[in-house]
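As structure tokens, the structure follows; a few thoughts come after it.
Just so you know, all these numbers are worked out from the coordinates, no wet-lab data involved. Here the structure is a predicted model, which means the values were calculated and not measured. Positions of Cβ are backbone-derived with ideal geometry, glycine not excepted, and every protein chain shown enters the neighbour counts.
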Amino acid sequence: MINRLNHLISFIFLYPLFWIVSRLNFFLLYKLSDFLFYIFYYIIRYRRETVKHNLNLVFPEKTKKEIKSIELKTYRNLTDVLLESIKFSGMSEEEVKQRFQFKNVEVLKELEKTEQDLILMCGHYASWEWVFILDRFVNYDIYGIYKKLSNPYFDKVIKKSRSRFNGYLISTKESIATIAKNSRSKKKISLYGFASDQTPKLKRAFHWGKFMGVTVPIHTGAEMLAKKHNLAIAFLATERIKRGYYMTTFEKITTTPKEYENFEISDIFIKKVEEQILKAPEYYTWTHKRWKHKDKAPSI
């Protein structure tokens, strides 16, 4: 009861600020982002040690000056993406279409012809918050798999915002049952968005592999579900064109997941995320403790 009251109080205090941000024009939005960059980086110092550790770990060949440059750009991207996610609820359909474009949506249109449900895998790279506009270009029912927020009031707001274009947010706990149910019903093909590049809990670490040259546990849930229900799999790569503008590219991985060795698809996915990072590392979410289990790999 006390926790719920605290959640309600914080929601009452913060929601008006979120609403105001969602109605800002983009010029003011990015001026606010510039201000928040200094707050996050220089005053709060939000996870600076984590970011520095991650960058030094995966880029041992880079100089201190190069690491510092990526670090600063990472935080500028972080505040942009944070405010863009809030802005989403106040954007018109045409605004989203103009700023978040799809280079080759015909890849998904071809996959639709198989009449298979589809898992669309992506990394925590650049901005993925506006991807729900994809509903306007494909015939899938779109589901985004997400980690439920601890504050139920903000969780409800997030779900409402993401469903503006007929998309659905389902929690990681709901995903298995939802995919199984939809797979059985076959009323309409479904698309499930999985951001599978973060670290799983050790008790769910069924597979270890190299990510950015470091041995870590790798999420295998998307691959396992694809094999169980014979789902097609594709990869979504988002590229930042300039501030507030993104281009997304799709790549088919397979329509026959059962033909792959166990964990092979998961390894293919991780390699594709690596390619994105190496191209422009500043757009990856380095604030996550992705490599925290690197010293716990089982001996072979």
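Of note:
- Farthest positive-ward along the chain dipole, Cα basis, beta-carbon charges - from Q198, I44, N166: I44
- Across region 38-77, the residues whose backbone nitrogen lies under 19 Å from the label position 7 Å along the beta-carbon direction of K289 are 45-58.
- The modelled label-to-label distance for the pair T63/M247, using points 7 Å beyond Cα in the direction of Cβ, is 3.1 nm.
- Cα centroid separation - region 211-233 against region 161-179, whole Å: 19 Å
- Highest average first, the peptides 76-86, 39-49 ordered by how many other beta carbon atoms sit within 10 Å of their residues are 76-86, 39-49.
- Within the listed set K279, K65, K173, the residue fluctuating most in the Gaussian network model of the chain (springs between alpha-carbon atoms under 10 angstrom) is K65.
- For region 71-92, the residues whose amide N sits under 20 Å from a probe point set 7 Å from the Cα of I44 along the beta carbon direction are 71-89.
- Net length gained if the chain between K203 and N139 were fully extended (0.36 nm per residue, minus Cα distance): 19.3 nm
- Taking only alpha carbon atoms, region 33-171 gives an Rg to Rh ratio of 1.03, where Rh is the Kirkwood radius.
- Backbone phi angles across region 261-274, fed through the Karplus curve with coefficients 6.51, -1.76 and 1.60 (θ = phi - 60°), yield HN-Hα couplings of 5, 4, 6, 5, 5, 4, 5, 4, 4, 4, 5, 5, 5, 4 Hz in residue order; Gly and Pro are listed as x.
- P(r) tail fraction, region 2-294 - alpha-carbon pairs more than 30 Å apart, %: 33 percent
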